[in-house]
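The values are calculated or read from the model by the stated rules, or taken from the named source; none is laboratory data. Just so you know, these numbers come straight off a predicted model, no measurement behind them. Note that we place each Cβ from the backbone using ideal geometry, even for glycine, and neighbour counts take in every protein chain shown. When the accessible area is computed, the model is the full protein with side chains, heavy atoms only, and any ligands, DNA or RNA have been set aside. Shrake-Rupley method; radii C 1.70, N 1.55, O 1.52, S 1.80 Å.
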Amino acid sequence: MPTFLGCIADDFTGATDLAGLLARSGVQVSLRIGVPQTAPADAAAVEVIALKCRTAPVAEAVAESRAALDWLRRAGAERFFWKYCSTFDSTAEGNIGPVAEALMADLGCAQTIYCPAFPENGRTIFMGNLFVGRQPLAESPMKDHPLTPMRDSNLMRLLQPQVTGRVGLADRLCVARGAGALRDELAALAQAGVAHVVVDAVANADLEVIAEACRDRVLITGGSALAMPLPTLYRATGRLTGAANGPVRPDLPRAAIVLSGSCSAMTHAQVARYIATGAPSLRLDPLVLATSGPGPALDWLAAQDLDRAPILYATAEPAAVRAAQDRLGRDRVGAIVEAALAACAVAARDAGARRFVVAGGETSGAVTQALGVDRLQIGREIAPGVPWTWCESGGYPIALALKSGNFGAASFFSDAMEAA
Ligand code: ADP
């Protein structure tokens, strides 16, 4: 069966989040890590390609996304979704806008929409301003993100410097009038030369209106929640067929590990709650890692009972993150932490761990790459946007839960172990 919907995600947790929400509709979803090196074979109705390009240099992010698009087109895809974070994580240079413009050019689209809203996780957009719970984005903990500090809440202002075309807004008042009204508004904006339209959404019902209005568009961009209604809409037109993935959960040994490189506010609470359950824990200090390498952490890990699902975490308060960045540089400290956690993941697998819970988008990218995983099947959701996934690493079947920074409840790590 050829692919109908092809998705490109800018980080790995974002890709599993998207795949999990798409799979809710019962459609067959396959997730590839990186652009597959081989020609499409055994493609699913919905294919998601996970890139690690959120903070990559713009030219690299654009090149990777275009390569992903090319692979998806060869798999037969006719509709495309560019997925980024529900907090619009990006630097002033990009990469959300530049990638969207490159995909638009390749697909011949004069206009696309931007809607990162994820109401189930408290991300909403009103008058073009993004909220995290009740706080504007720039007042939320995202202002202190180690790699993509978000210091403006207005999506038009964030997007305009990233694109060459004009940016506009279809607001909530328009969305409230329904799919027809939104379609008319997008057409009017296109007439006025607006290529990039931010669309407001405060509830799942708004996302359904937007998805319906944009159902026939070749390219949509947004957060995972906007993609959720698409399979059902495509099915209604007979364009998408095929059964769900079916039961894929392998019977895995208990041995597990938790690796946290996320410094997001919710991850802090999750790490603290998990340690309080009595799980063995080790904090990784980037300044110590920079001088001693991951050796001491690996020694600690080798002495642990993996059946107790120990946790290794670099999760730290904003002041500690800034201090480490001032000493080592932002990119270097990130890379050092990611490399250490990735080395721990491989060591844990070799010692028998078969369930891995990873917190942090960039961190998940590093861990997944180190484990040599290239394709994931989507299993049960632990929390909105965080499914268990099943794959193979080093010849062993393993389960991976990749959690983006602020997702999940405070009890997430224990929830994941119970749901495994
Ligand atoms: P999130 O999903 O919360 O955004 P990410 O893994 O994407 O998490 O990003 C967190 C980044 O912060 C990673 O690059 C990670 O290596 C880095 N990091 C983790 N701990 C620290 C620390 N203590 N000091 C500085 N940077 C850190």
- When you scan segment 330-387, how many residues do you find that are among the β-branched types (Val, Ile, Thr), within 14 Å of the ligand (Cβ to nearest atom) and assigned to a strand (DSSP E or B)? 3
- Query: Name the pairs whose Cβ atoms lie under 8 Å apart, with the first residue in segment 47-68 and closer than 10 Å to ALA102 by Cβ, the second part of a strand (DSSP E or B), and 6 or more positions between them or separate chains?
  - Reply: VAL58/GLY94; ALA61/GLY94; SER65/ILE8; SER65/TRP82
- Query: Within segment 181-199, is there a residue that is within 20 Å of the chain's Cα centre (by Cα) and either surrounded by fewer than 17 Cβ atoms within 10 Å (Cβ to Cβ) or farther than 23 Å from ALA19 by Cβ (or both)?
  - Reply: yes
- Query: Hey, which of the strands (runs of 3 or more DSSP E) in segment 249-329, taking only ones fully inside, have at least 1 residues that are open to solvent by 50 Å² or more (accessible area, probe 1.4 Å) and more than 15 Å from the ligand (Cβ to nearest atom)?
  - Reply: none
- Would you be able to tell me the number of residues in segment 172-194 that are charged (D, E, K, R) and closer than 14 Å to ASP206 by Cβ? 3
- Task: Test PHE407 against the criterion of being within 15 Å of the ligand (Cβ to nearest atom) and either at pLDDT 95 or above or open to solvent by 10 Å² or more (accessible area, probe 1.4 Å) (or both), and give yes or no.
- Result: no
- Residues THR164, THR232: which one is outside any helix (DSSP H, G or I), over 29 Å from ALA265 (Cα atoms), of a type in the set (S, T, N, Q) and open to solvent by 30 Å² or more (accessible area, probe 1.4 Å)? THR164
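With respect to ALA77, is the statement that it is in a helix (DSSP H, G or I), small (Gly, Ala, Ser) and touching a residue at least 12 places away in the same chain (Cβ under 8 Å) true?
no
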